[in-house]
Amino acid sequence: MRITVEAWAPDYGGEVDLRGPDDLTVERPDTACESRPWGPVAPEAGGEFSARPVGFVDGTRRVDARLFLSDNGSAPIPGVAGSVGVGAVVCDAATPGVNGRKGPEWWDRKTAQITELRLIRFLATGGGQRAAISAGPGLEYQSLPVNGQSVDEMVSAVHNQMRAREAELAQDLAQRDDALVFIDGPLAVMRPGATTVVGFIKAHHARYLEDAEEAVLGELGCGERTPLFGFGEPRPRYSWYLRLCARDAALHAWHGLVRCETPVQVGLDRAVSLADASAAILPAFASLPHWDARAPQNLVPVAGLEKRLRHLLGDRDLVYRMIRSAAKRYNGEGVEVG
């Protein structure tokens, strides 16, 4: 028995927060879809994607205020004022054959630029009610009806809007700049057609593999991946694990692992190429512990984008006060803040 300390700062949860060893997710993947022995795969280069720019897309959302809608003394209907920001960073094309095993020296000659920032605000309201509120310039909250009544359902609706806009931005970026694009988080539903978009999941909260297959994860070296495994409905996709850093004997076996996924509509051959490219390229973007509390999984371009997006949402306290002031002006229309 060994004891290791979680590498991430406690404020961010953990890299691994799995359920019990007998509680596999109900999503059971096809682990034979790539038709290769189940073991570490070590691509040496990014293949057809080596000459393309590398894009990173991330989003953030925030609950700015909880509200209630009421009319003539009727029971108040709950609502949530939420802000969503999504953005993209585009980096120069990766050098063929560069990955974490060969060193990140190439980064000194590369550039990264925030190319897109999109902000949208929602007033999610229960019972399918429609309502909008303007709290000032740049603080226009558009209607987002939600069939349920719980705050959790409304927060989830705002979160789903963020994921949908991340997917839209990622596909726009892939088509416009011919880029290999990584979304920070699982993929939402994508537009039909081939794409070069990969979802990038930093933390692990579910088990998808049987014990013998899962054991291979601990064997992965930096820049190595598992074979692909495929999921069916309701979200058909190919997925794989890869390691971003060298294995550290002082840390647990899953340290530095991420799970990637791409829509099944891209086809198996394209999915294999995307998996090889992700394993060969991503380790060079991994963060280090003295830079980031979620190293190495919180990639350097994503960390910078997160900071810019949080700033874009505005000061939380000031936004809240402006929403309260706006609600007072709208009292005659039955909109009030709780």
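The values are calculated or read from the model by the stated rules, or taken from the named source; none is laboratory data. Computed from a predicted structure; not experimentally measured. All Cβ positions, glycine included, derive from the backbone under ideal geometry; neighbour counts span all protein chains shown.
What to note about this one:
- Residue tally, condition hydrophobic (A, V, I, L, M, F, W, C) and either outside any helix (DSSP H, G or I) or touching a Lys or Arg at 6+ places or on another chain (Cβ under 7 Å) (or both), over region 153-168: 2
- Some residue of region 176-184 being small (Gly, Ala, Ser) and surrounded by fewer than 23 Cβ atoms within 10 Å (Cβ to Cβ): no
- Note on region 89-137: among residues that are acidic (Asp, Glu) and not in a loop (DSSP other than H, G, I, E, B), the one that is modelled with the highest pLDDT is 116.
- Scanning region 45-71 for residues that are assigned to a loop (DSSP other than H, G, I, E, B) and either without any contact (Cβ under 8 Å) to a residue 40 or more places away in the chain or crowded, with 24+ Cβ neighbours inside 10 Å (or both) gives a single hit, 46.
- When restricted to residues that are more than 12 Å from residue 243 (Cα to Cα) and over 19 Å from the mean Cα position of the chain (by Cα), region 277-290 contains 3.
- Within region 223-243, considering residues that are among the hydrophobic types (A, V, I, L, M, F, W, C) and modelled with pLDDT of 95 or more, the one surrounded by the fewest Cβ atoms within 10 Å (Cβ to Cβ): 229
- Scanning region 111-154 for residues that are of a type in the set (D, E, K, R) and over 13 Å from residue 69 (Cα atoms) turns up 116, 118, 121, 140, 152, 153.
- Enumerated helices (runs of 4 or more DSSP H) restricted to region 264-331, each holding at least 1 residues that are closer than 25 Å to residue 195 by Cβ: 268-281, 300-313
- Per-region count, region 184-228, residues among the small types (Gly, Ala, Ser), more than 21 Å from residue 41 (Cβ to Cβ) and assigned to a loop (DSSP other than H, G, I, E, B): 5
- Condition broken by residue 207, with the remaining ones in (1) in contact (Cβ under 8 Å) with a residue 40 or more places away in the chain; (2) under 21 Å from residue 276 (Cα atoms); (3) of a type outside the set (A, V, I, L, M) satisfied: (2)
- Some residue of region 291-304 being under 23 Å from residue 244 (Cβ atoms), exposed (fewer than 13 other Cβ atoms within 10 Å of the Cβ) and among the charged types (D, E, K, R): no
Results for (1) under 18 Å from the mean Cα position of the chain (by Cα); (2) in a strand (DSSP E or B), shown as yes or no for each residue.
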| residue | (1), (2) |
| --- | --- |
| 230 | no, yes |
| 240 | yes, yes |
| 245 | no, no |
| 248 | no, no |
| 254 | no, no |
| 258 | yes, yes |
